[in-house]
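First comes the structure, then the notes that go with it.
The values are calculated or read from the model by the stated rules, or taken from the named source; none is laboratory data. All of these numbers come straight from a predicted model, not from anything done at the bench. FYI the Cβ positions are ideal-geometry reconstructions off the backbone, even for glycines, and counts take in every protein chain you see. Keep in mind that these areas ignore ligands, DNA and RNA; they rest on the heavy atoms of the full protein, side chains included. Shrake-Rupley method; radii C 1.70, N 1.55, O 1.52, S 1.80 Å.
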Amino acid sequence: MTSVPLPFAAVRLAAVVALAAAAAGCSTTPGLTAPAAKAPAPAPAPAPAAAAAPATRTDTGTLPFATMKGALTEQGGTLDPFAYSEKPGDAQLGKLSVADGVAQVTGVIWPQKGSTWAGVALSVNAGAAGKTVDLSGYKSVTLQLAGNLPSLRLRIMGADKVVRDSGCYPIVMQPVTTELREYTIELSRFAPEGYCGGNARSIAATQPAVATVEVADAKVSGARRDVAFRVGRIVFNR
């Protein structure tokens, strides 16, 4: 059977009728009635505005320089243990281990070749190579220390390679015990060693760009000596 197309006028009239029926809410399909439109739901009442959180003071007058955590500090700095001696081989590094926020360094100082100076040390760095921290205005440093020698040498260092290699950033000798304890040391106690001459850096000249806090067992005796010391968190105080 062949379908016969409706004349254009008839198609147009059917469309008009359908539109009119839709506008009147009627169905153009026999037997169906368009459902009544639902009334819109009332808008929910606005939630009460949250109270503003009180401001928290973050400037406590301290600057955490290093909190030991594995091979890095929580601040992103590296822990670099090393041994040094006047004659090669008279000091040897053992190992570095970190547990419960405390780094331990071991080694041996044995001046068989006649070294008059030697040591086993740990460099605690502010961050990646070259990063420094401005400690201008800070008055003291607090750190946790322990060792099997009555004192450890502390050195605060900048990034100048010549001064670092000559050992001429300022130092202080800090008495310690075998039990881990916290010590607060005035920065005014730090001073360069007497041999430094023109390479000497005062603590005031070092503070604007501090790269490293170094802890060392630097005691040389005639016999073999096993070295073991521990370093915990390091904080600078205003």
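Residues in segment 116-126 that are open to solvent by 10 Å² or more (accessible area, probe 1.4 Å) and over 20 Å from residue 147 (Cα atoms) were compared, and the one that is nearest to the chain's Cα centre (by Cα) is 125.
Counting only residues that are open to solvent by 10 Å² or more (accessible area, probe 1.4 Å) and of a type in the set (Ser, Thr, Tyr), segment 207-234 holds 1 of them.
Determine, yes or no, whether residue 204 is of a type in the set (A, V, I, L, M, F, W, C) and open to solvent by 40 Å² or more (accessible area, probe 1.4 Å). It is true that residue 204 is of a type in the set (A, V, I, L, M, F, W, C) and open to solvent by 40 Å² or more (accessible area, probe 1.4 Å). Among the numbered conditions (1) in a helix (DSSP H, G or I); (2) without any contact (Cβ under 8 Å) to a residue 40 or more places away in the chain; (3) farther than 16 Å from residue 117 by Cα; (4) of a type outside the set (Gly, Ala, Ser), the only one that residue 196 does not meet is (3). Just to be sure before I move on: is residue 96 in contact with a Pro (Cβ under 6 Å, 6 or more places away or on another chain) and at pLDDT 95 or above in the structure I sent? Yes, satisfied. In the set (1) β-branched (Val, Ile, Thr); (2) open to solvent by less than 20 Å² (accessible area, probe 1.4 Å); (3) farther than 15 Å from residue 64 by Cα; (4) in contact with a strand residue (DSSP E or B) (Cβ under 6 Å, 6 or more places away or on another chain), the condition left unmet by residue 141 is number (3).
Out of everything in segment 157-189 that is in a strand (DSSP E or B), touching a Lys or Arg at 6+ places or on another chain (Cβ under 9 Å) and of a type in the set (Val, Ile, Thr), what residue ends up being surrounded by the most Cβ atoms within 10 Å (Cβ to Cβ)? Only one residue fits best here, namely 171. In the set (1) modelled with pLDDT of 95 or more; (2) exposed (fewer than 14 other Cβ atoms within 10 Å of the Cβ), residue 71 fails one condition alone, (1).
Using the structure shown, decide if residue 123 is part of a loop (DSSP other than H, G, I, E, B) and closer than 20 Å to residue 153 by Cβ. So residue 123 fails the test.
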